[in-house]
Every structure is written in C-alpha cells, then in structure tokens.
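Student: Quick one: structure below, then a few questions.
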C-alpha cells in the first residue's frame, strides 16, 4: 500500500506543507502544496478501488483548500463561504458513505452490545460540539453562523457514523473535525490564527484525518474483496 507513488506523493506534500509553515516560501508554492494534497489521496483511493463518494469528498476538500485563503487567489473575503460550502459538501459525501456502510445499524447494535463505548463517544461528540458552537456564537458574523452550524452538524454526524463503521475512520474523522475547530478558534480570536504552532496543528490534524479516513475505506474494500474471493 505504502509503495503507491500517489500515497508517497501525499506524504511528501504533507511534509512540505508543514515545512512551509516554519520556513515560509513564496505564496504560490504554498498554494500549490495546499491544493494538490487531497487530489493525490483521491487518485490513490480511486486507483485502489475505493468508494467513489470518498474520491468526490477528497476532491471537494481540494476545492475548499484552494478557496481557504480567498485573497491569495484574488477573491474577496466572502470567498471563504465557498470554501466552507465545499467542505460541507465533502462531509455530506462522507456521511452518506458511512450510512450506506451500515453506520446506523452499527450504532444501534452498539447501544446494547459490547461496543457501547462507540455510542457513548458519538454522544460526547454531539454534546461537545454543541457547547463549542454556543461559545463561538458571539465571535462569528451573522453570515458565517448558519454555515458554521450546518458544517458542525455534518462534522458530528460524520464523526459518529465513521466511528460506528471503523475505528480507524472514526479517529480520522475526529481529527478532521479537530482541524476545523482549531480554525474556528482562530477565527473567533481564542488563539492567534496566524501563529506558527496553531497553523501546524491545523495542517497536521487535517492531513492525518484525511489519511486515516482514506486508508480505512480502502482497507474495508480490500478486506471485503478478499472475503468474497474465498
């Protein structure tokens, strides 16, 4: 798996992104690194026979990454809404993927079974996200409140559903959500959004989140194919 040039490329670009935070380069180089990260992973998932919904979600993440700093590509600050919309659509694709993979049934079974901790964690996600959104409410502009609320609902739904389907995917979705919450903390002024440590945290959690989600999906497909071939 790790020998795939697409996965190796993902790792190299991910490392370059982190290096660019502590050793700034030209904005164009950083923009390229940010924009091609998710597509590299999407190609790997596609060539590995992974779910098409996951490929679409990763490509939507790439759009969100590209528009994440709208001024860098000549757009107004409102262009950030298009970035949020792309990530919302990506989370929607992931949620549908996990529901189709049996997440609802798995959660129901977990409530009364030996994996009850999955249902408990999903509930904690919901409670924690609700509290955070309430705390961030005053720091968000009216336009972003609706978008942020919808995005948060999808993040929580995806995190809970992914955990029900696969532990590795659940950790990945949680890291993805963590990166979003870190960005939100910077937007409302809880932390210095432009700070080096903060930017490293955002990028690292996002990268690891995408990677774990993709690896979990491909492993599930290959495991299913292996079982089916017996």
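The values are calculated or read from the model by the stated rules, or taken from the named source; none is laboratory data. Bear in mind the structure is a predicted one, so any value in this text is a computation, not a measurement. No Cβ is skipped: glycine too gets one built from the backbone with ideal geometry, and neighbour counts run over all protein chains shown.
Student: Among the residues of region 93-103 satisfying the criterion of being over 11 Å from the mean Cα position of the chain (by Cα), buried (at least 19 other Cβ atoms within 10 Å of the Cβ) and in a helix (DSSP H, G or I), which is modelled with the lowest pLDDT? Lay out the reasoning, then the answer.
Tutor: First, pick out the residues of region 93-103 that are over 11 Å from the mean Cα position of the chain (by Cα): 93, 95-103.
Subsequent filtering for residues that are buried (at least 19 other Cβ atoms within 10 Å of the Cβ) retains 93, 95, 97-98, 101, 103.
Checking which are in a helix (DSSP H, G or I) leaves us with 93, 95, 97-98, 103.
Values: 93: 95, 95: 94, 97: 95, 98: 94, 103: 86.
Step by step, filter region 93-103, then rank; the result is 103.
Student: Restricting attention to region 154-182, report how many residues are more than 12 Å from the chain's Cα centre (by Cα) and buried (at least 16 other Cβ atoms within 10 Å of the Cβ).
Tutor: 9
Student: All but one of (1) assigned to a helix (DSSP H, G or I); (2) closer than 23 Å to residue 97 by Cα hold for residue 31; state the number of the condition that does not hold.
Tutor: Single failed check for residue 31: (2).
Student: Kindly indicate whether any position in region 68-85 is in a helix (DSSP H, G or I) and modelled with pLDDT of 95 or more.
Tutor: No; the residues of region 68-85 include none that is in a helix (DSSP H, G or I) and modelled with pLDDT of 95 or more.
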